[in-house]
Amino acid sequence: MRRPQVVKRNGGTAGTGRAGALGVLRVRPLPGDATRGTLIAGVSVIPCALGRSGITSRKREGDGASPRGVFRLRGGFYRPDRFPVRPVSPLPLRATRRDDGWCDAPQDRRYNRPIRLPSTAASAERLWRDDGLYDLVIDLDYNRGPIRPGRGSAIFLHIARSGYRPTEGCVALKPADLLRLLRRLGPGTRMMIGR
């Protein structure tokens with residue numbers, strides 16, 4: 001009988017129950033540019049984009065900051081017309097539909113949850129986007145349990161704009177880097193932002 005692996009505290013390959021899955025991803029800002037950073041995945045150091053307001057411990061809806069903390073990876077979405085074959089990952093991934101959205105209206109009872117569009121919500125993000133940023137998305141489980149109105153919504157790991165231009169609060173990677181990383185992420189992987 002195979003024993004489960006022990007989680008390594010140093011962020012190396014580790015105890016997610018799958019051989020080769022990463023236990024921890026560390027995201028750190030670059031010195032002198034709070035909107036860009038590095039994502040450290042085991043021995044790999046990957047450039048990333050961060051929120052236009054850098055990293056904060058006091059995240060608020062619309063502030064453009066990436067939240068500081070430790071977050072599990074809930075799973076995600078991929079756009080099937082851009083990825084005809086489901087990307088390889090131990091994480092649960094489902095194909096995005098044209099009417100998929102994410103509620104970002106703090107006063108709505110569905111705040112920071114996936115919804116169908118069009119919606120009665122005062123405001124929602126469209127997950128089927130023309131700019132390609134959400135062609136591949138991982139939900140970082142920020143402000144999800146319990147959900148606190150106004151503390152920020154739709155915090156994802158997703159595809160970066162060219163030149164790693166800032167996000168609205170997410171962490172973003174080049175498509176090839178995100179696809180490679182997905183193979184090494186499991187349900188036990190945690191992302192540490194700014195720690």
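The values are calculated or read from the model by the stated rules, or taken from the named source; none is laboratory data. The structure presented is a predicted model; accordingly, all values stated were derived computationally and were not measured. Here Cβ is always computed from backbone atoms with ideal geometry, including for glycine, and neighbour counts include all displayed protein chains. Accessible surface is based on the protein model in full, side chains and every heavy atom, while ligands, DNA and RNA are left aside. Shrake-Rupley method; radii C 1.70, N 1.55, O 1.52, S 1.80 Å.
Annotations for the structure displayed:
- Fraction of antiparallel bridges per DSSP, region 71-195 only, in percent to nearest 5: 70 percent
- Taking the protein heavy atoms of the chain in the context of the full set of protein chains, the accessible area attributed to carbon and sulfur is 51 percent at 1.4 Å.
- When the chain is treated as a Gaussian network with alpha carbon springs shorter than 10 Å, the biggest mean-square fluctuation among 88, 137, 43 belongs to 43.
- Selection among 57, 185, 101 by position relative to the dipole of the chain gives 185 as farthest towards the positive end (Cβ unit charges, Cα centre).
- A straight chain from residue 183 to residue 98 at 0.36 nm per residue would run longer than the Cα-Cα distance by 28.0 nm.
- Calculated mean residue ellipticity at 222 nm for the chain: -1000 deg cm²/dmol, from DSSP H runs with n ≥ 4 weighted as -39500 (n - 2.57), summed, divided by the residue count and rounded to 500.
- Probe 1.4 Å, protein heavy atoms only - accessible area per residue of the chain in square angstrom: 50 Å²
- Protein-only accessible surface order, largest first, of 174, 59 at 1.4 Å: 174, 59
- Label positions at residue 107 and residue 82, each projected 7 Å from the Cα along the C-beta direction, are separated by 3.3 nm.
- Estimated inter-spin distance, residue 58 and residue 192, nm [label 7 Å along Cα→Cβ]: 2.5 nm
- Among 100, 81, 139: highest mean-square fluctuation, GNM of the chain, C-alpha pairs under 10 Å: 81
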